[in-house]
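Q: Quick one: the structure is below, and I'll ask about it shortly.
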Amino acid sequence: MNNLGDIGTTEEQIELMDVATNFCRDKSPIDKVRSLMEDDLGYDPDVWREIGELGWLAIAIPEAHDGVGLSMAEVVPIAEQMGRNLLSTPFGSTTIAAQALLAGGSEAQQAAWLPKIAAGTAATLALREDHGDWNLGNVASIGKETADGIALSGKKQLVRWADSAELIITSVEVDGNVRFAMIERSALPDGALRREAIIDETARSFELTLDGITISADALFDGNRTRETIEKIELAAGLIHAAEMTGGSQAVIDYTLEYLKTRKQFDKIIGSYQALKHPTVDNYVEYEKARTHLYSAAHSWGEQGRGEVAVRMAAAQAHSSYSRAADRSIQFHGGFGFTHDCDAQLHRRKAIFDGALIGDAAYQRSKLAGLLFD
């Protein structure tokens, strides 16, 4: 597999980067981020409405379904700036759900939901189970055919922003085969959602109990496209989270540099000490690697084989650089760094949660080994 290092940016990416940089900085100052951590919803509904009005949810949706008709590559600069400013909304989960619909949904399912998503309707995916396997094909939840439709059973964890989603796409086993199923919010019985306590306090995650939910057979995705759907979900999630983590790496490095340039010890600015200088430079080099991999993955999005390699490289490097930069920032801040008031704590927690969602750097590299050396 050659030319894996190709990288390029489109005019649309550059324009979106400019808009997203200003929007996310203005709408998500750190004091607002911290106040929303105590909010039940977890995000500003007015900001979510503005995101819909800006057309960001429509970017990677075809024009035939009221979308802009671009690709996930143009979503990257937006997700990057959201991660940089810890702007939490259902943007990522909704965008990935739309890609799942495009990969495995029928024409009728796409026509029913993609225009709504493009206009600002939130959606999410319920794919994780208590076995903790990152392999999306390992499904324990069941869908059983009955006279009334498909009766679901089982539990899903780490369902992001489920309380805001009008559509939840979940995975179940039907007659021995993995299928994807659409659950509308109106079909959820009381008590189906339970908020989870997660390490990333800027996000919201729920456990979904499928017992008692019955859907029509028309709510199932095409069984012949399950593998394609899994691959598309993994790639879309990998690209989105790599972008968020890369943006977060930049933010935590900037935060650390500001401290190193102002904090004094023994009448000297601590940033003048080589023991702090060198690791900070190393962190910046790792961040630049992550950003290069990210835009290489965006450039290769949609290319058979090569696209997956590039996305997994980006996800692995982004998780490593984000975790390391946040770790060093916590340490460099001394005792304060180990308190909840240190902003580096928020980034370290987000790095852990993002790794839990898509697979950490070690997992991504293990998948790469199979892709590169088979």
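Q: Taking 10 °C and 1.306 mPa s as the conditions, I'd like the Stokes-Einstein D for region 1-105 in µm²/s, using the Kirkwood hydrodynamic radius from alpha carbon pairs. If you can, show how the numbers build up before the last one.
A: Numbers: Rh = 14.9 Å.
Stokes-Einstein gives a translational diffusion coefficient of 106 µm²/s.
Q: To make sure I understand the rule: partners must be lysines, Cα under 17 Å from the Cα of Lys155, and not fewer than 8 residues away in the same chain. Which ones qualify?
A: Straight-distance partners of Lys155: Lys144.
Q: If each residue of separation counts as 0.36 nm, what is the full-extension length gain between Glu228 and Ala119 once their alpha-carbon separation is subtracted?
A: Gain on stretching Glu228 to Ala119: 36.7 nm.
Q: Also: Between Ala217 and Asp39, how many nm apart are label points set 7 Å from Cα along the C-beta direction?
A: 4.4 nm
Q: Mind putting a number on the dipole of the chain about its Cα centre? Charges go on the C-beta only, +1 for Lys and Arg and -1 for Asp and Glu, and I need it in Debye to the nearest 20. Before the final figure, lay out the partial values.
A: Working: 36 positive and 55 negative charges, 268 e Å.
Here the size comes out at about 1280 debye.
Q: By average Cβ neighbour count within 10 Å, what is the ranking of 366-372, 100-106, 171-177 from highest down? Intermediate values should be presented prior to the final figure.
A: Details: 366-372: 13.4, 100-106: 21.4, 171-177: 16.1.
Going by the mean number of other Cβ atoms within 10 Å, highest first, we get 100-106, 171-177, 366-372.
Q: Listed highest first by mean packing, meaning other Cβ atoms within 10 Å per residue, what order do 50-56, 161-167 come in? Present the calculation step by step, with values, prior to reporting the outcome.
A: Details: 50-56: 18.1, 161-167: 22.0.
Top to bottom by mean Cβ count within 10 Å: 161-167, 50-56.
Q: By how many degrees, 0 to 90 and rounded to 10, does the Cα axis of helix 343-358 deviate from the longest principal axis of the chain?
A: The helix 343-358 is inclined about 30 degrees to the chain.
Q: Could you sort the peptides 114-120, 181-187, 80-86, 274-280 by per-residue average Cβ neighbour count (10 Å cutoff), highest mean leading?
A: Numbers: 114-120: 19.9, 181-187: 17.1, 80-86: 26.3, 274-280: 13.1.
My ranking of the peptides, most packed first, is 80-86, 114-120, 181-187, 274-280.
Q: Express in nm, to one decimal, how much length is gained between Ala147 and Asp282 on full extension, taking 0.36 nm for each residue of separation and deducting their alpha carbon distance. Can you show the working numbers first?
A: Values: separation 135, 0.36 × 135 = 48.60 nm, distance 6.17 nm.
The Ala147-Asp282 span can extend by a further 42.4 nm.
Q: To continue, here is another question. Taking the convex hull of the alpha carbon atoms in the chain, what volume per residue do you get, in Å³? Spell out each step's value before the answer.
A: Values: hull volume 51.9 nm³, N = 374.
Hull volume over Cα atoms, normalised by residue count, gives 139 Å³.
Q: List the lysines whose Cα sits under 29 Å from the Cα of Lys27, skipping any in the same chain fewer than 8 residues away.
A: Lys27 reaches Lys116, Lys261, Lys289, Lys350.
Q: Taking 0.36 nm per intervening residue step and subtracting the Cα-Cα distance, what contour gain separates Leu368 from Lys268 on full extension? Spell out each step's value before the answer.
A: Values: separation 100, 0.36 × 100 = 36.00 nm, distance 4.53 nm.
That pair, Leu368 and Lys268, stretches by 31.5 nm at full extension.
Q: I want the antiparallel fraction of DSSP beta bridges within the chain, as a percent rounded to 5. It would help to have the intermediate numbers written out before the result.
A: Values: 27 of 32 bridges.
Beta bridges within the chain, antiparallel portion: roughly 85 percent.
Q: Which of rounded, prolate, oblate describes region 193-273, given a ≥ b ≥ c as roots of the alpha-carbon gyration tensor eigenvalues and a/c under 1.5 marking rounded, otherwise prolate only if a/b is larger than b/c?
A: On the way: a/c = 6.99, a/b = 2.51, b/c = 2.79.
Oblate, since a/c reaches 1.5 and b/c is not below a/b.
Every number here is computed from the coordinates shown, using simple stated rules; none is lab data. None of these values were measured; they are calculated from a predicted model. Neighbour counts are summed over all protein chains in view; Cβ atoms, including those assigned to glycine, are modelled from backbone coordinates with ideal geometry.
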